[in-house]
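This report concerns only the one structure given below.
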Amino acid sequence: MPVGKQAGRDVNVWTLRFADSNLERQYRDSKLLFLFAATRTIYALAAGIWAVFTLLNEFAIHDPSASLLALRIVAILGNIAAFVVTLAMRPGRWVEVGISAMAAFNLFCLSLVLASMSPVSLPYYTPLSNAIVQVLCCYSFGVISFAEGTLFASFVLAGFFASVTVMWPEPPLKIFFSATWLCTAISLVGLGSYLLDRTQRIAWLRQLDLTEAEDRIRALLHNVLPPSIAARKLDGEAIIADDYGEASLLFADVVGFTALSATMSSTALVTMLNELFARFDRIVARRGLEKIKTIGDCYMVASGVPHARDDHLQVLMSVALEILDEVTKVRTPDGGTLAVRIGMHSGPVTAGVIGRVQIHLRCLGRYRQCGEPDGE
């Protein structure tokens, strides 16, 4: 892998972001569908939890605070509204903003619970238990990234100290132990979020590498096999062999190639054949036929394979005429002209993929020469 590309894949040890901003954006986009489904579940769960605690207060604790009841109703309606939005809208980058906004909304509501409740609720809604629930909300069960969750957790920690020193003062020793418990919870949940976020990113990179490797394999197979045959090979079909009742094959080779090659350097020889066969390839592609292989100076084309067609012979004869015309445009290094001998076969053909190394499509049938060096 190129050094620059590898450097862009490096993950910041603190923020867990990729060094390459484009790669970071691509990773986040790949998670949108998951985030969309996960947040919908979290919004519904949050609304349910707020409703449960509202009912517990009304039927068990009987906190007389009207502001506390109003706050809980707002929290329930806010989460229900967010859930409805996810039902009405399509996944998009707004999901990331929505996750952070709703996390902040629920954290704010939980903080206001301590400020709006009466002393009767204090034994049941201690600052420590409230803060621990907030910590869970910060990381939203892995939906929010580690960096964002840690930022929210820092605000929770500050709010906790405000609640035990200003709103509901506690003895210093109790504050110390409660803070220790809270920091432990933040550390454990934060570590889990860190490892999950990092593992997801590494797994995504591996999936990206696998997809790229599959694309390269697919492209390579398409270079040596017809697309329909390559697809069957990729699907795991071990033995590919098809019979065609009517098909045509064309063979073309350079006249006097052995003697000609003895007078040319290897570079000049390959250059000349590349130019010649490139012209043949363009003709074959334009006519929608299939190039089977080249062996030395021999060029082989199939018509009606792997896709049957009624005009297989007519089209192949047109290709033969075009090949004869193109040959006249290629010159040897000393300025001489080339000539090709063309042979054709029409009839039943068996086509299949033979070999496990350097595989190619093979056509098996009888060969009959029907052309001479001058195309007569």
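The values are calculated or read from the model by the stated rules, or taken from the named source; none is laboratory data. Quantities reported herein were computed from a predicted structural model and do not represent experimental measurements. Positions of Cβ are generated from backbone atoms using ideal geometry, with glycine treated the same way; all protein chains shown enter the neighbour counts. With ligands, DNA and RNA removed, areas are computed over all heavy atoms of the protein, side chains included. Shrake-Rupley method; radii C 1.70, N 1.55, O 1.52, S 1.80 Å.
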Would you mind giving the average projected area, over all directions, of the Cα convex hull of the stretch 119-198 in nm² with one decimal? 5.0
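Loop sites only, by DSSP: take the chymotrypsin sites (Phe, Trp or Tyr not before Pro) in the chain that have at most 11 other C-beta atoms within 10 Å and name the longest stretch containing none of them. Walk me through the intermediate numbers first.
On the way: sites that count: W14, Y367.
Segment 15-366 is the longest.
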Inter-part gap, Cα centre of the stretch 166-235 to Cα centre of the stretch 258-288, in whole angstrom, is 51
Everything considered on the Cα gyration tensor (a ≥ b ≥ c; rounded for a/c under 1.5, else prolate if a/b is larger than b/c, else oblate), the stretch 158-248 must be described as prolate
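How many lysine pairs does the chain hold where the Cα atoms are under 27 Å apart and the two sit 8 or more places apart or on different chains?
Working: K5/K31; K233/K291; K233/K293; K291/K329; K293/K329.
Qualifying lysine pairs in the chain: 5.
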Between T199 and T263, how many nm apart are label points set 7 Å from Cα along the C-beta direction? 7.2
Give me D for the stretch 298-345 in µm² s⁻¹, whole number, from Stokes-Einstein with Rh from the Kirkwood sum over alpha-carbon pairs, 37 °C and 0.692 mPa s. 267
Give the dimensionless ratio obtained when the Cα radius of gyration of the stretch 209-306 is divided by 2.2 N^0.38 Å. 1.33
Residue-normalised accessible area of the chain, expressed per residue, 1.4 Å probe, Å²: 55
With an 8 Å cut-off on Cα pairs and a minimum separation of 6 or more residues, tell me the relative contact order of the stretch 47-187 in percent. 23
Would you please state the base-10 log of I(q)/I(0) at q = 0.16, 0.27, 0.28 1/Å for the stretch 261-321, with intensities from the Debye formula using one equal scatterer on every alpha carbon? -0.56, -1.13, -1.19
Of the accessible area of the chain, with the probe set at 1.4 angstrom, what percent is carbon plus sulfur? 65
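Would you calculate a helix-derived [θ] at 222 nm for the chain, using -39,500 (n - 2.57) for each DSSP H run of n ≥ 4 and dividing by the full residue count, to the nearest 500?
Numbers: 12 runs with 222 residues, N = 376.
Per the formula, -20000 deg cm²/dmol.
Please find the FRET efficiency linking E246 to L210, where r is the Cβ-Cβ separation and R0 is fixed at 45 Å, and quote it to the nearest 0.05.
Values: r = 42 Å, r/R0 = 0.93.
Taking R0 as 45 Å, the efficiency between E246 and L210 is 0.60.
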Per the 1/(1 + (r/R0)^6) rule, R0 = 22 Å and r from the Cβ atoms of D235 and A308, FRET efficiency to 0.05 is 0.60
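Where does the chain land on Rg/Rh, using Cα atoms and the Kirkwood Rh?
Details: Rg = 36.4 Å, Rh = 27.5 Å.
Taking Rh as the inverse mean 1/r over Cα pairs, Rg/Rh reads 1.32.
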Largest first and in whole Å, what are the equivalent-ellipsoid semi-axes of the stretch 247-349 based on the Cα gyration tensor, each being the root of 5 times an eigenvalue? 27, 12, 11
